[in-house]
Amino acid sequence: MARARTKIYKTSAGEVVYGMMAEFATPADTFHAAEKMRDAGYTRWDVYAPFAIHGIDEAMGLKTSRVPLLCGILGLSGAGLGYLFQWWVSHQAYPMVVQGKPYGAWQPFMPIIFEFGVIFTSFTALLSMMAFNRLPMWHHPLLKKERFLRTSDDRFVICVESADSKFDPDGTRKLLEKCGGYNVDLVED
Amino acid sequence: MSALHPDELTARRLAGDEPPADRARKFDPVTKDGTIIDDPSVRAPLVLGDRSIGDVTRIICGYVEQKPGSWWLPAFGVVSHVAALAGIMILYLAITGVGVWGLNNQVDWAWDITNFVFWIGIGHAGTLISAILCLLKQKWRTSINRAAEAMTIFAVICAATYPGIHVGRMWMAWMMFPIPNANAIWPNFRSPLLWDLFAVSTYGTVSLLFWYMGMIPDFATLRDRAVLRLMKNPDGGPRVLPFLAVRVDTLRAYIYGALSVGWRFSSRHWQHYEKAYLILAGISTPLVLSVHSIVSFDFATSVLPGWHATIFPPYFVAGAIFGGFAMVLLLMIPARELYPNMKDLITVRHLENMAKIILVTGSMVGFAYAMEFFIAWYSGSKYEADVFVYNRLMPPFFAGEDGKYAPYWWAYWSMIFCNVISPQVFWFKAFRTSAFWIFVVSFLVTIGMWFERFVIIVTSLHQAFVPGEWGMFFPTPVDILTFTGTVGIFVTLFMLFLRFLPAFAMSEIKNCLPSASPHHHGDGNGHDHGHDHGHKPAPAGGGHH
């Protein structure tokens, strides 16, 4: 995916264009429009909806999220760390005879190994979700757009970035309208 | 030129120019509000009143953005003063010592640990609703999960107070944590008390993460609504204080904006978000089952008759879910009476489902009580049998010729009445679909679950092996007021939650509306077509040029 901007577009007022957004009436319309945008070969575009439309990731052709993989790796590492920590405390740093059991017996460490695993998995889930999504990002061109802000209520929006190699002010507009989009508008950067 | 919206009326509704009509519904004695449907092929609506996606936003954001009823401030004044009692009592305890409580050398765990287990148990319903019901794809959870998760966190806060203050020298409470200290002492990882510390702090942290992550999109909705109002009218809207030139909406835009971490409802974001949410639900499920299991180890790994039982972990977990659901209902039944339109979100079917869970878990708890007796008899241990008969069960009017009876028999029988007998009314549909009776039973169950912990802790301790260990426990006013204070803390935090945070998971509720389905083409019937993915795309609206 080419990150570099191939061409810089400007509005009639001279503002740099971030992309082009269109509204859609229903989740169904948005879903079908997403399929068409995907098939048209766009890469730097996104569907904005007040909730996760069921199956939209397939309609957009998104790759599977790697959040679960990271959670698995870090969760198990956390559990391992929990064991090592308890072993170090009970066997190395402060060995203490309790009920005549071996210092490093793993059985009584299980509850805390589990808790370590859980806490690592949970933090990984939240933080990797934010990292993959590049959040926190309090400033974004779309968030300055009055009509876009209604997405958080009940609007459905598709926005194609001008950085997309297939972006073309006329062609993209025509495609968005053909997919059922209305209120097609440029978004200033 | 962009195309016009295909449907003029929908456009007006979406723009908020067409307020939803007041849809008065008739109350049917059989289907109640229309959600009690016996036909399994008919899906009961989750949100009543034919609400659009925008209606859901308006109703839920309205709880935060509009002034609450006139009842709010007086009620908040009362509960926050009650909450302050806890602070005063803890201060008094700190400067005087644990002697201000009624516990003694014989009963050395009493109300402190009773209240700790009581509160930590309350929290379990929240995690059960948000995690286990999420994995089971129970969509009705969406309208109660946020409040239940909030309740979990507030209950954990109340619970965590007690271990901290009951250690006596509470300024040494940090020694519970495995951190390097000047004496080079490390805690004993073989102790269930340390497991408990880890379990409860993990539980609190994970519940907080889960709760916060669920609220990110809803914070963004509140942020956007405030920003839109400011865009429309930069100098309008109420001020924070009359003499302060800061608008409430400016404050909302900044605070909710910061909390929303710049969420912009991108589907690429939703994809990672949903996966992360599922993982949190998946990991919270064993967590919620483990927390109360570990709490029960505090007792079960000891050798005290009445505590030393292998049934404790599942018995505690069932009891925790039981008591937690009762608390959710105790909070939500008054809330749905007091807040406008909340009955459309929390329908009679929600109440009925929770009543069914109370019936099931209450019967499980009843089974556990019976099984404890069976094992006490079957084990042949006289100490074990005597704990059940002479520490708990025997009322004075049934005492034999030796005149021996259980001094705390009234606590035991209150527990049996509240926990085992009272939920049995939910076998009858009329009771489990009546908000009034559900509230009454929930109240009894909450009392009963408190008594359960009191029975387990105090009655097992007060007459142990030798008569030198025998003694009665009576609570002092400090005991009683500290507990009352934590109830105040709990209710105060819950009222603040309803006032300032999105009390319902908006984006999840919207996703459960029939119109949110990608296969719903607005044919007016509101039913699902059940198409599979990849079917031929329908003409989208058809209004474009």
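Read-outs throughout are calculated quantities, based only on the coordinates presented, and are distinct from any laboratory measurement. None of these values were measured; they are calculated from a predicted model. Virtual Cβ from ideal backbone geometry, glycine too; neighbours counted across all protein chains shown.
Worth a mention:
- Nearest-0.05 FRET efficiency for B:ALA430 and A:ASN183, computed from C-beta distance (R0 56 Å): 0.60
- When each of A:LYS10/A:LYS36; B:LYS356/B:LYS382; A:LYS166/B:LYS275; B:LYS137/B:LYS343; A:LYS101/B:LYS275; A:LYS36/B:LYS139 is checked by Cα-Cα distance, pairs over 32 Å: B:LYS356/B:LYS382; A:LYS101/B:LYS275
- Each residue in B:LEU46, B:LEU345 was given a count of other beta-carbon atoms within 10 angstrom of its own, and listing them fewest first yields B:LEU46, B:LEU345.
- Counting other Cβ atoms within 10 Å as a rough exposure proxy, the listed residues B:PHE373, B:PHE398, B:PHE494 run B:PHE398, B:PHE373, B:PHE494 from fewest neighbours to most.
- Zone of A:TRP88's modelled label, taken as backbone nitrogen in the range B:185-228 under 19 Å from a point 7 Å along Cα→Cβ: B:185-190, B:198
- Per residue, the convex hull spanned by the alpha carbons of chain A comes to 160 Å³.
- Relative contact order computed over chain B (Cα-Cα under 8 Å; 6+ residues apart), in percent: 27
- Counting only residues at least eight positions apart within a chain, or on another chain, there are no lysines with an alpha carbon under 18 Å from that of B:LYS67.
- Along its first, second and third principal axes, ordered by size, the range B:106-194 spans 53, 30, 21 Å in Cα coordinates.
- Measuring nothing but how far apart in sequence close Cα pairs (under 8 Å, 6+ apart) lie, relative to its length, the range A:67-132 scores a relative contact order of 54 percent.
- D_trans [Stokes-Einstein, Kirkwood Rh over alpha-carbon pairs] for the range A:67-132, 37 °C, 0.692 mPa s, µm² s⁻¹: 258
- Once the C-beta distance of A:MET110 and B:SER381 is scaled by a Förster radius of 25 Å, the resulting FRET efficiency is 0.35 to the nearest 0.05.
- Peptides B:375-383, B:312-320 ordered by packing proxy, namely the average of other Cβ atoms within 10 Å per residue, highest first: B:312-320, B:375-383.
- Inverting the pair-averaged 1/r between distinct Cα atoms of the protein assembly as shown gives 28.4 Å as its Kirkwood hydrodynamic radius.
- When you restrict to C-alpha pairs under 8 Å that are six or more residues apart and normalise by the size of chain A, the relative contact order lands at 49 percent.
- Which of B:TYR212, A:TYR48 has the fewest Cβ neighbours within 10 Å, and the rest in rising order: B:TYR212, A:TYR48
- Span per principal axis, largest first, for the Cα atoms of the range A:128-189 (Å): 36, 29, 20
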